[in-house]
Each structure stands twice: as structure tokens, then as C-alpha cells.
Amino acid sequence: MALRKVLNLIRDSLLNMLRHPLVTIASLTTVTLMLVLLGAFTTVSLLANHSARVIAQQPPVEVWCSNELRPEESQAIEAYLESDPNVLSWKRLTPLENYELLRAGMGDSAKALDSFPFEKLQYTFQVRLVNPEEVDAFTAQIRAYPGVQNVDVAERTMRTLNSIVRVVNTATLIAFAVMCIVSLFIISNMVRISVLARSEEIAIMKYVGATKLYIRTPYVLEGALIGTVGALLSFAAIYFSYDKLYTSMVGRVVDDVQSSPFTATNMMLPLSGIAWRVLVINLGLGILIGAAGSALSVRRHVQV
């Protein structure tokens, strides 16, 4: 008996959609377009966060040690860097290696360093962090090791990148709110028209003893169904558009710059990293907005 009731409710919701095809198409189109824009904002937000993280990982945190760093002190620092899960990679440079890097960076003026005693330069560790936002905690821990004299961090770059990410996330949340309100309004109007068109039928159902839940449920299912279809259509549009964009961008990578961290391969998330998140968000919001919009409208216009 319970199964029959469920099937009847689903049938009634489908019949509601078929009785007013123009209204259904208008609502479905609006929800789909809204979710396409929402999916685009989600994709941009994910890419901005990913790109900012990749860029922030490139400038290394430089740990400056004494030029008389003892082997046991160096081993202790290396053991810590190996064990810290937030350390993406690290490299130890001796005074001689730092001297050679300094000469290479000076170009034609490197002759001025011919008589410079490289022994006066320091040992350094160049460290890249998985999560640059945790740089303060890393700095506090690495400073406690004997032999460490200073930690140089590109704080301005990291703060700028974090600010960009916050702006993108805020814009995305605002877009979410605006589009959700618009969709609720559209779906509520759709359900209102459907309710008014079936006012006599609803009155008869009340007289024969139909419960409030039984009368309202088909409208809620109708809104949820429209939200689901709109979410799937919008996901398909985002999926194929991003797949084409990703393939096009990655295909332009030149062989001699493959090692650069700023190629499209590194800066763009693969399709698998985008698709499931957009699908979950679109489905969740589509069903929620569709069902909520219908519930609000039917509660207001169906006096049962």
C-alpha cells in the first residue's frame, strides 16, 4: 500500500509537469542556466584556489644556518624536514653551492667575487611547503633547531595570493546566494500557476479526505525533479566545456617548458578534480532549490 502511494505521488508530479509544458520548460531552462553559471563560478573558484596554491608553493622558504653548521645539527634539521608532512620538498645548499649560485646570478659582474672567500657564506635549506598558509608554524618549529639563524619567507607574495583566493571565494558565495534566490522565485511562480490551475481538483481531494501531505508532496517532487534534470543538464554543459578547454590549454604546452611549474598542466585541475565537485554541488543545490521553492509556494497557495 505504501509503495502504491509513493508511485501515485510520483505519477501526479509527472502529470503536473506535462499539464503545463511551457511553464515546466521555462522553469527548467531558468534552473539549468542558473546552475550553469553556478558551476562556472565553482570551477573558477576551484581553479583560483589551485593556481594560488601552486604559485605559493614555488617561492621556497629559505632556512639560513651558520657557516659552521655541524654535521649532527644538519642531520637533525634534515630529519625534521623529512618527517614534516607539510614539507613538499627541500634542498640543502653548502656555502660553495650558494657561492656558485651567487656568481651565476650576477652574470657579467661575477668577476667581482673572484677573491671573495665562499667559506663566509652560510648553509641554507630551500623548503617548499604543501600548505603555505602554515608557514608561521613551520618557521616557529625550524627556528628551534641548533644552527638555524634565520628563516626568510616571501610573506608579501603569500598574503597577496591568500587575499585573491578570499575575494574569489566571497564572489562565488554571493553568486550562489543571488542565483538561489532567483531560482526560488521562478520555481515558486511555476508552482503557484500549477496550483491555481488545479484549484478545483485540489478542493475535491480535500473533500474526499486527502491529507495535507498527500496534496503537497507531488508539487515538492515536481520541483525536486526539475532541479535534478536542470542539475544534470548544467553538469553536462560544464563537463564538456571544461574538457574542451583543458585539452586545448594542455595541448599548447611546448616541450621545452614542460618543466616549468606554471604550465597549464600544473595550473589547471584535471577534469576528474572538477567534475565530481560540480556534480555534487549542482545536484544538491538543484534538488534543494527545486523542492524548497515548491514547498514554499504550495504552503502559501494551497490552503489545506
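Tabulated results
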{"read-out": "Candidate set from the range 18-60 (those that are assigned to a helix (DSSP H, G or I) and either aromatic (Phe, Trp, Tyr) or modelled with pLDDT under 65 (or both)); member that is surrounded by the fewest Cβ atoms within 10 Å (Cβ to Cβ)", "value": "GLN57"}
{"read-out": "Output for the range 135-169, where each listed residue is of a type outside the set (Gly, Ala, Ser), at pLDDT 80 or above and out of contact with any strand residue (DSSP E or B) (no Cβ under 9 Å at 6 or more places or on another chain)", "value": "ASP136, GLN141, PRO146"}
{"read-out": "Test set (1) at pLDDT 70 or above; (2) in the same structural domain as THR43 (by TED's automatic domain parsing) - SER188 fails condition number", "value": "(1)"}
{"read-out": "Meets criteria (in a strand (DSSP E or B), of a type in the set (Val, Ile, Thr) and surrounded by 11 or more Cβ atoms within 10 Å (Cβ to Cβ)) for VAL127", "value": "yes"}
{"read-out": "Residue count for the range 170-185, restricted to those that are modelled with pLDDT of 75 or more, among the β-branched types (Val, Ile, Thr) and closer than 30 Å to ASP136 by Cβ", "value": "2"}
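So that you can scan it fast, the table gives a plain yes or no per residue for (1) in the same structural domain as SER27 (by TED's automatic domain parsing); (2) within 30 Å of ALA48 (Cα to Cα); (3) at pLDDT below 70:
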position	(1), (2), (3)
SER199	yes, no, yes
ILE226	yes, no, no
LEU232	yes, yes, no
TYR239	yes, yes, no
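The values are calculated or read from the model by the stated rules, or taken from the named source; none is laboratory data. Everything quoted here is computed from the prediction, not taken from an experiment. Virtual Cβ from ideal backbone geometry, glycine too; neighbours counted across all protein chains shown.
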